[in-house]
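Chemist: Once you've had a glance at the structure underneath, I'll fire off some questions.
No lab work stands behind these numbers, since they all come straight from the coordinates. In this text the structure is predicted, and so the values were computed from the model without any measurement. Here the Cβ is made from the backbone with ideal geometry for all residues, glycine too, and neighbour counts use every protein chain on show.
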Amino acid sequence: MTASAYRPLALALAAALPAAEAASLTPLPLPGGLIGGSGAALDISGDGSVIVGFGVSTAGATDALRWDRRMTGAWDATNLRPLIEGSLPTQPIIYSYERSEARAVSVHGNEVFIGGSFGAPFGPELGFRIGPTGTDYFGTDQNYPRAVNALSRDGSVVAGTGAFPVFAGGSFVGSSGPGAFMNFGGQADFFPPGLGGPANARSFGSGVSGDGNRLVGSFQERAPGGGFLPAQAFSFDPQAGVAVNLPRPTDPANPLVYLDNGTQAEAISADGSTIVGTYLGVGNGPPGAVLWRDSGAGGFTTQVLRAPPCPGCGPKGLEAVDVADDNTLVVGNGASPVSPTPSAIVWDTGPASGSSPEGRLLLDVLAGAGVNVSRWLGRFEAEAVSGNGRFVVGQGEFDLGGGVLQHIPWVADLAGTGLWNAPHRPRPRVRVIPFSGMRPSVRATLSP
């Protein structure tokens, strides 16, 4: 989906959050140069004060964006291109700027860290991390691709996906992959052993815990006859050097029946105790949403997350993309009861939720709290939830009038909905790899 598919936005999008704690659904503004284009919000800080994503101009240019309400209370939009383009690396080649996306944000005290990737016209995609002291880049050491998809609480640990360096006789000869990687405090990029390589597997890094001590993602081994085996979600402990395969989801009514033909982990809670993701349905069935909880001693239990009630709708695909700090709220996407296009879903996964929690459409939740959602039509996708569980961000199609839809970023405030009624301990967001209806290439889709 490109900016040319939409007409310019004909209303003021900048809006301060309400002073009272009331539910709201706010379109996020696009900065100068991108006004009239489209965009997506991909991540939000733990306290809900900073959002990151990207915008696409009417000419098709894609730039990383930041929205910050800490100074004025309104979502002030900033194009991050100058911070990326102004200090591009010159080794091993001279890089030039073509496009960028911000995929992760972490607020640590008064310091903001932002991770993402940028592309050059004739070079690979490189990862970046913007911090108080400048911009760091990942993948320049041998000119192989990187994408920063997650940040630890203090911004010192990054995680994502990149190409493996390949050596022969002690000399660099090329790259292969992709593979999940981590970087600790500016050291050399670290590729966890056993999670990929040029000969036997590929892997994708999607999330990191708040302390940086757990990486989650998915990997695939090569099949004997060619291609790859079904995806396997993993949790990796860099201190112990151990990767654990997350258990396959089973039918809640029959624990002996597996539901999946592959799994992928999408996000991990700040304390590392809860992981959410997606499983691929057996026999080309629809995908489903799944939650894994750490049961101690390296083990995990599994919860299958159910779709919202929809009598007669038939099978619908689901995905879980993020989880709040206290592990009681999960956000994701699935088909709407009235439309086959993706719609944001929230799951209450607290102690009273049972073994297989049932989801609710986010638009229904907001409408029930008095929010006017009538102009949000078609695709409406959630990308992340703040650590305190109060805010959800994403992208959707907004009706400008006369049936003209504009694809824009949004933020929802869950205050007053019953899903958020008490203060939670805030923390920086750590989920990344967005599920972008506009840019499907952003997400690594694993297939059998």
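Chemist: Rank by packing, highest mean first: peptides 27-34, 317-324, with packing defined as the count of other Cβ atoms within 10 Å averaged across residues.
Modeler: Ranked by mean Cβ neighbours within 10 Å, highest first: 317-324, 27-34.
Chemist: Sticking with this one: Treat the count of other C-beta atoms within 10 Å as a stand-in for reagent exposure and order I35, I275 from fewest to most.
Modeler: Going from sparsest to densest Cβ surroundings: I35, I275.
Chemist: Would you please give the residues with an amide H less than 5 Å from that of A104, counting only those at least 5 places away or on a separate chain, with H modeled from the backbone geometry?
Modeler: The list, which skips near neighbours in sequence, is G115.
Chemist: Starting with the fewest neighbours, write out R153, R360, R375 ranked by other beta-carbon atoms found within 10 Å of each beta-carbon.
Modeler: R375, R360, R153
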